[in-house]
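Participant: Sharing a structure, written as structure tokens. Questions coming.
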Amino acid sequence: MPPFSDASLYTLTKRLYSAVELFLGGLLLMALGKSLPLLIADPANGWIAAGLYTCISFLVITFWPYGSLGWANRVTLLRAVLVSLMAGALAANAFVAAIWQWLALAVIALLLDGVDGWIARRTKSHTMFGARFDMELDALLILLLCAGLLRLESLGLWVLLIGGMRYLFVAAGWWVSWLSKPLFESFRRKAICVWQVVALLLALTPLTSHLMSSLLAISALLSLLYSFGFDVWWLYRQAKRV
């Protein structure tokens with residue numbers, strides 16, 4: 001077998017740096033899981049949390065060959081740890097008995113969403129990978145909140161459309177090429193994304209009535225339908241001009 005080239009060895013060394021940081025994130029996941037016994041109440045909760053974090057780590061080390069993650073991506077990795085714990089707590093409905101802790105993890109993950117972007121701008125370390133990493137965690141967080149709301153309020157499977165709409169949009173782009181074209185920057189899109197998370201968090205609190213939870217979820221769904229509908233219309237218009 002031929003020896004590694006200098007370039008291959010250099011890339012491998014950089015990936016080892018990334019692997020060490022991801023391993024430290026895994027240790028943090030274990031420590032937080034131990035400190036939240038109501039959320040990680042069963043081995044299944046821990047295995048699901050660890051499995052999701054492992055998948056995220058595999059994707060990071062695959063698409064980030066540059067060594068040290070940098071502070072912005074480290075904050076996003078912390079968000080990945082919190083989201084993994086939330087996913088684990090869904091097993092056997094463990095989150096129901098510790099709903100405030102579960103929502104606290106969601107709120108912290110949401111607040112950190114602004115921190116990683118701020119760090120990237122201040123340190124001039126913004127990357128396509130970091131933006132995609134951040135965006136995918138946002139989408140996963142919203143889907144987990146939808147799954148929690150489905151269990152707590154029994155609103156019907158339609159509530160999963162709130163978290164699943166973005167995935168459906170991406171999947172549609174595989175079949176309809178113009179749907180996968182880049183979109184323009186939009187404050188409307190960002191504002192609706194924030195609102196859907198806030199609406200889901202409010203709908204999930206034990207202080208919110210079933211009727212209000214339903215109205216909040218419907219408002220999130222309708223605002224998303226409007227936002228995605230506008231983007232699809234704009235992409236269609238752009239495709240027709242070509």
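Participant: Within region 199-218, is there a residue that is surrounded by 17 or more Cβ atoms within 10 Å (Cβ to Cβ), part of a helix (DSSP H, G or I), within 20 Å of the chain's Cα centre (by Cα) and modelled with pLDDT under 95?
Facilitator: No, region 199-218 has no match at all.
Participant: With the requirement that a residue be farther than 18 Å from G148 by Cβ and open to solvent by 60 Å² or more (accessible area, probe 1.4 Å), what does region 69-99 give you?
Facilitator: Residues satisfying the conditions are W71, R74, L78.
Participant: Under 7 Å between Cβ atoms, at least 6 apart or on separate chains: pull out the pairs that start in region 33-58 with a residue that is under 30 Å from L16 (Cα atoms) and in contact (Cβ under 8 Å) with a residue 12 or more places away in the chain and end on any residue that is assigned to a loop (DSSP other than H, G, I, E, B) and not basic (K, R).
Facilitator: G33/I40; N45/L39; G46/I40; A49/I40
Participant: Suppose we filter A92, A171, A80, A106 for residues that are over 19 Å from V60 (Cα atoms) and under 15 Å from the mean Cα position of the chain (by Cα); which single one remains?
Facilitator: The conditions single out A106.
Participant: Can you say whether P182 is more than 28 Å from L85 (Cβ to Cβ) and part of a loop (DSSP other than H, G, I, E, B), as far as the supplied structure shows?
Facilitator: yes
Participant: Would you confirm whether or not region 100-111 contains a residue that is surrounded by fewer than 16 Cβ atoms within 10 Å (Cβ to Cβ), under 17 Å from L141 (Cβ atoms) and modelled with pLDDT under 95?
Facilitator: Yes, region 100-111 contains at least one residue that is surrounded by fewer than 16 Cβ atoms within 10 Å (Cβ to Cβ), under 17 Å from L141 (Cβ atoms) and modelled with pLDDT under 95.
Participant: In addition: Within region 192-242, can you find the residues that are hydroxyl-bearing (S, T, Y) and either in contact (Cβ under 8 Å) with a residue 24 or more places away in the chain or under 14 Å from L160 (Cα atoms) (or both)?
Facilitator: Passing the criteria: T205, S213, S214, S219, S223, Y226, S227, Y236.
Participant: State yes or no: is L69 of a type outside the set (D, E, K, R), under 20 Å from V197 (Cβ atoms) and either touching a Cys at 6+ places or on another chain (Cβ under 6 Å) or touching a residue at least 24 places away in the same chain (Cβ under 8 Å) (or both)?
Facilitator: no
The values are calculated or read from the model by the stated rules, or taken from the named source; none is laboratory data. Fair warning: this is a prediction, and the values are worked out from it, not measured in the lab. Reconstructed Cβ throughout: ideal geometry from the backbone, glycine too, with neighbour counts over all protein chains shown. These area figures cover heavy atoms from the full protein model, side chains too; ligands, DNA and RNA do not enter into them. Shrake-Rupley method; radii C 1.70, N 1.55, O 1.52, S 1.80 Å.
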